[in-house]
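Below is one structure, written out as structure tokens; comments come after it.
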Amino acid sequence: MRNRGAALLLLVPGILLADERTNPPAIQQAAPLAIPRGETTEIRVKGINLEGAREVVFDNPAVTGQVEYVNRAGEFVGKFIGSNGTESTIERGGPAPMHEVVLKVAVSGDAELELTRFRLITAAGSTNPQRLSIEPEYELHREMEPNDDLAYAIEQDEPVTTPAIVAGMIREPGDVDVIPLIGKAGEELVFLVTAGQVGSALRWRLDLLDESGVTLASKTVLESDRGPAMGYRIPADGRYFVRVSDIDSGGGKNHFYRLRIGAFPFLTSMYPLGVREGEETEVTLRGYNLGETRTAKVTGKADYEGMREADLRPDFPAGEAHDKLRLAVGAQPEIFEKESAAPMAIEAPVTVNGRISGFEDNEGRKADNDEFRFHARKGEQFVVEVEARRLGSPLDSVIEVLDADGKPISRASVRAELATRLVLNDRNSSQPGLRMEDVEHFRVGDWVMVGNEILRVNEEPRGPDSDYFFDSFGGQRIGYLDTTPEAHAMETPVYKVSLHPPHTQFPPNGLPVRQLEYRNDDGGPGFGKDSKLTFEAPATGDYLVRLRDLRGFQGEDFAYRLTVRKAAPDFRLLRDGCSAHSARGQRGGGGERAAAGRLRRTRSVAGG
């Protein structure tokens, strides 16, 4: 038996070395990136190693397609980027072949107006997904150059008549497109940009101007969390102008856009953001061109792709809405927030539907903090979670669990044991890798504190010019003990730390000791700007949950769902039918880092 086992150990490396590496098939670009429903469109796809493409698959049953033919288009010139965002270190052999695939894509007349994705099935495996926008059957206009300012646009003989779709491009840095259109008194025009959703680099800004150049309405991509469309009620018949630009003054062939203009229904928000499974709830709708339809009755059904969410898209007198709002479906009892001077009493498990809407007093408008009181026994563990951004609310939530007097509660003592600093360059809040000056004294599994976040080393640097990599999921750093990953500048102090029970006393070592409190801003991978916090009651008694907007913003649209429940083992298995990506002979990624470690079970530390 010993000899047989030794033979197996020798054979496995031989098999792996004999496995030829291939360049995985990959779509790099497609044109056009929008398809009108009820029509058949030719789409040209360019990419790497697409030879033998025989099938195209969509994630929307209303869209079908077929491969017409495949052409060789030279060889790939450029750098392969790996999973860590840097140039791949994998030896891939000779130059990768480029191909162009021509597709015929048909969209049914009753397809919903939304994004869809497709993949090509090739001789070497399936490709990455490519997004397309399904559009209404509006007249298509292409922006006409020169149109960099109002004077050029005024001279154009054929202004856009709505409804219409304008296809354009910000061709070079500083370029601006001014598009003339005809407006009718009383109509509520909606301007909807499609850009980044289909791969454009444009960070758009829209301005609606009158004939004298006065700005009537404006919106930028930075405000798209309040709905991606700009709406304006036209005051009088006449000619108006919509200006499209890049907020960073960028430009180039990848700064393209499609601008949908019309008096069509568009939903911007609803309240409440969810319903309990099996129960009926009336939701209030806000948006453009909704007519008298301001409410809708919905029943909670947990059937949205296996998740506890559902889509809401009611019919309106002016036609179908050109977007859909996501409605949460919860398992807990549901109540509504009540504004009062004292914290609102709740009993877990519960989901509270509320708004950070602000209030007026003798000194003017105040920032809104919603507080809720609940009872817990010593040692009981709770999960406190916010749903807001994931459901279209502009709220950037932050939550805290406080004692009955509203004072912070320590969850762990963090003792620094070794200090270094960040070098090379600044890092954003998601990058798994950080470059540290000390490349010798940090080991896999060590706890690290950078700013306000607690990280754990996943991979040590391979040399003086390499990063430390930390536990991450989906390309985003994991902040332990509910700390929120942040952007960090060069020279930021970094500490190797140990974690201890709250208020532990230590002999001084010249390095900081920090008391971590029960607070969370961003809940981590999958939560975006929504907050999630785990809490273990240090004693039997009452506790407060405080919820607010991190920036101090507020308004009727700043809705949320706050769930407080007992902690319990849980997981969610997600399947994305258009994201199962495989390629023959493909292994590893940029830097050849193993991905398995990112999916391992995370041990609990100090209640985190």
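Ranking THR351, THR161 by solvent-accessible area of protein heavy atoms (1.4 Å probe, all protein chains present), from largest to smallest, gives THR161, THR351. Region 239-258 and region 155-220 have their alpha-carbon centroids 8 Å apart.
Around PRO502, under 12 Å between beta carbons, what's the net of Lys plus Arg minus Asp minus Glu among the other residues? Provide the component values of the computation, followed by the final result.
Numbers: positive: ARG411, ARG514; negative: GLU517, GLU536.
With Lys, Arg at +1 and Asp, Glu at -1, the net is 0.
With a cut-off of 15 Å, note down the residues of region 459-480 whose backbone N falls inside the zone around a label point 7 Å from the Cα of ASN425 toward its beta carbon. Under 15 Å, as judged by backbone N against the label point of ASN425, lie 465-468 of region 459-480. In this rough spin-label picture, where each label sits 7 Å from Cα along the Cβ direction, the GLU339-ALA201 distance is 4.6 nm.
Computed over neighbours whose Cβ is under 10 Å from that of GLN130, the net charge equals +3, Lys and Arg +1, Asp and Glu -1. For GLU437 and HIS500, the FRET efficiency from 1/(1 + (r/R0)^6), where r spans their Cβ atoms and R0 equals 25 Å, is about 0.45.
Translational diffusion of region 318-407 was estimated from the Stokes-Einstein equation, with Rh taken as the Kirkwood radius over Cα pairs; at 37 °C and 0.692 mPa s the coefficient is 207 µm²/s. Per residue, the convex hull spanned by the Cα atoms of region 412-493 measures out at 86 cubic angstrom. Remark: region 113-156 is approximated by an ellipsoid whose semi-axes, taken from the C-alpha gyration tensor as √(5λ), come to 38, 15, 8 Å, largest first.
Each label point was placed 7 Å from the Cα along the Cα-to-Cβ direction; for ILE121 and GLU556 their separation is 5.0 nm.
Peptides 514-524, 230-240 ordered by packing proxy, namely the average of other Cβ atoms within 10 Å per residue, highest first: 514-524, 230-240. Summing Cβ point charges (Lys, Arg +1; Asp, Glu -1) relative to the Cα centre of region 379-437 gives a dipole of roughly 340 debye. The GluC sites (Glu not before Pro) of region 408-447 that meet both conditions, a loop assignment by DSSP and at most 11 other Cβ atoms within 10 Å of the site Cβ, are GLU440. Debye sum, Cα scatterers, region 486-559, no solvent: what log₁₀ I/I(0) at q = 0.18, 0.20, 0.23, 0.26 1/Å? Calculated log10 I(q)/I(0) at the listed q: -1.11, -1.20, -1.26, -1.31.
Relative to one another, the C-alpha centroids of region 448-462 and region 483-527 are positioned 11 Å apart.
If the segment from ARG239 to TYR271 were pulled out straight at 0.36 nm per residue, it would be longer than the present Cα-Cα gap by 7.9 nm. So, counting K/R as plus one and D/E as minus one, what does the shell of residues with Cβ under 12 Å around GLU556 add up to? Around GLU556, the charge tally is +1.
The values are calculated or read from the model by the stated rules, or taken from the named source; none is laboratory data. None of the values given here were measured: they were computed from a predicted structure. All Cβ positions, even for glycine, are placed from backbone atoms using ideal geometry, and neighbour counts span all protein chains on display. Accessible surface is based on the protein model in full, side chains and every heavy atom, while ligands, DNA and RNA are left aside. Shrake-Rupley method; radii C 1.70, N 1.55, O 1.52, S 1.80 Å.
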